[in-house]
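Undergrad: My questions all concern the structure below.
The values are calculated or read from the model by the stated rules, or taken from the named source; none is laboratory data. Just so it is clear, the structure is predicted and the values come from calculations on it, not from any experiment. Glycine also receives a Cβ, built like all others from the backbone with ideal geometry; neighbour counts cover every protein chain displayed. Please note that ligands, DNA and RNA were not included when accessible areas were found on the heavy atoms of the full protein model with its side chains. Shrake-Rupley method; radii C 1.70, N 1.55, O 1.52, S 1.80 Å.
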Amino acid sequence: MPLAMCLIICLIFSKGSPTDMPIAVLNDDNSSFSRMFVRDLEALPSCSVKYNVTSLEEGRQLLTEGKVYAFVAIPRDFQRDIYRLKQPKLLFYYNNQRILIGGIISKDVTMLVQTMMVGLDATIRSKRGLPMDEAIKQANLIRVNEHVRSNPYFNYQYFLSIVAFGHILQIHLILTMLWALGTEFKYGTTKEWLKSADNSIIKAYFGKLIPYFAIFIMLFAILFGTYFIIMGIPYTGDWFMGILSTLLFIFACCCVSIIFISINGNFRYGLSNAAFYVAMGFAFAGVTYPVMVMPWIAKAYSATLPLSYWVQVMIDQSLRQIPIIYDFKHINSMLILSAIGLLALIRLKKLAMDEKRWYQS
């Protein structure tokens with residue numbers, strides 16, 4: 001259980017809230033006040049100004065690609081309008097797909113704006129002859145024009161339900177396929193299994209896989225039909241990409257199961273290790289807590305989960321209308337996981353021919 005101990009220790013000693021999350025800033029004013037505001041953004045514990053962009057489109061692109069969690073656009077004449085008390089609009093885009101991150105960044109940026117502007121506005125009014133207490137009462141804040149880049153429906157059920165479905169089905173997919181392979185070792189029938197497939201581990205494995213693969217495809221079809229059609233949950237993106245990612249998700253989960261049984265050919269140990277592997281998938285899928293700011297061991301664990309990639313594609317396509325080109329990286333990741341699992345078939349065949357591995361309880 002070394003992996004379990006590492007993850008538990010990591011969680012105990014990791015920070016309670018994410019910090020230094022990357023954001024992008026567009027400073028169209030480039031005044032002394034706007035530069036001071038950017039420095040104050042950088043000083044926030046939750047934010048790190050990683051990109052200084054030159055256009056709104058560039059900032060939105062970074063947000064769409066997941067390279068930043070928020071984008072702040074400072075308009076032209078920002079400083080001049082402040083001193084004229086004209087209430088300049090500060091554009092603020094943030095990714096509210098992740099509950100924790102969206103809430104932290106939105107709260108910190110809003111608090112920063114309010115703190116700065118109440119004092120500045122009151123000072124300007126007092127210099128114009130108003131008593132300070134009256135100036136504070138009349139102080140006008142900058143109007144923050146917020147654009148929620150993800151979760152535009154403000155309904156966390158929409159994407160949390162997808163993660164929950166995927167998490168439960170990932171558990172069933174991996175453990176079911178591991179059971180199908182592991183029982184051959186448990187009952188000492190691996191040679192007969194290989195013989196029925198002309199001694200080809202590829203044929204033997206896919207012979208096991210196809211019936212379960214078909215069953216889970218039907219299960220997903222029922223799930224999608226109920227969720228998106230009968231319940232009317234919005235799906236605004238590309239259906240082809242959603243279906244492709246789902247097929248690859250099923251296949252990747254089935255392939256990952258090979259790794260656990262091929263470690264030592266022991267059904268019980270393989271089942272125990274796989275159960276731990278899938279148990280924390282929901283927490284590490286990168287939905288409520290971003291992978292980018294996780295400790296390295298948690299990032300590594302998240303990268304091994306097919307769920308992490310499938311969830312991103314499904315949320316991108318069902319809620320965010322992200323161009324499919326940005327989701328091919330998740331498709332490639334699931335293909336890589338599948339390939340790694342299939343490579344484990346080499347060792348699985350070797351163990352299957354070893355009679356010492358049979359009948360282990």
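Undergrad: Within 10 Å of each candidate Cβ there may be at most 14 other Cβ atoms; applying that plus a DSSP loop requirement, which GluC sites (Glu not before Pro) in the stretch 53-116 survive? Provide the component values of the computation, followed by the final result.
TA: On the way: sites: E57, E58, E65; in loops: E65.
Here the sparse-neighbourhood loop sites are E65.
Undergrad: If R0 is 45 Å, what FRET efficiency do you get for F165 and R39 from their C-beta distance, rounded to 0.05?
TA: 0.55
Undergrad: Within the stretch 171-317, count lysine pairs with alpha carbon atoms under 29 angstrom apart where the residues are 8 or more positions apart or belong to different chains.
TA: Counting lysine pairs in the stretch 171-317 gives 7.
Undergrad: First select every other residue whose beta carbon is under 12 angstrom from the beta carbon of F260; then total the charges, Lys and Arg +1, Asp and Glu -1. Can you show the working numbers first?
TA: Details: positive: R268, R347; negative: none.
Charge balance in the 12 Å sphere: +2.
Undergrad: Here's another thing I want to ask about it. Express the carbon and sulfur contribution to the solvent-accessible surface of the stretch 173-220 as a percent, rounded to the nearest whole number, probe 1.4 angstrom.
TA: 69 percent
Undergrad: If you don't mind, another one. With the other protein chains left in place, how much accessible area per residue, in square angstrom, belongs to the stretch 232-292 at a 1.4 angstrom probe?
TA: Accessible area per residue: 34 Å².
Undergrad: Now for a different question. Can you tell me the Rg and Dmax of the stretch 214-305, counting just the alpha carbons, in angstroms?
TA: My reading of the Cα-based Rg and Dmax gives 16.2, 47 Å.
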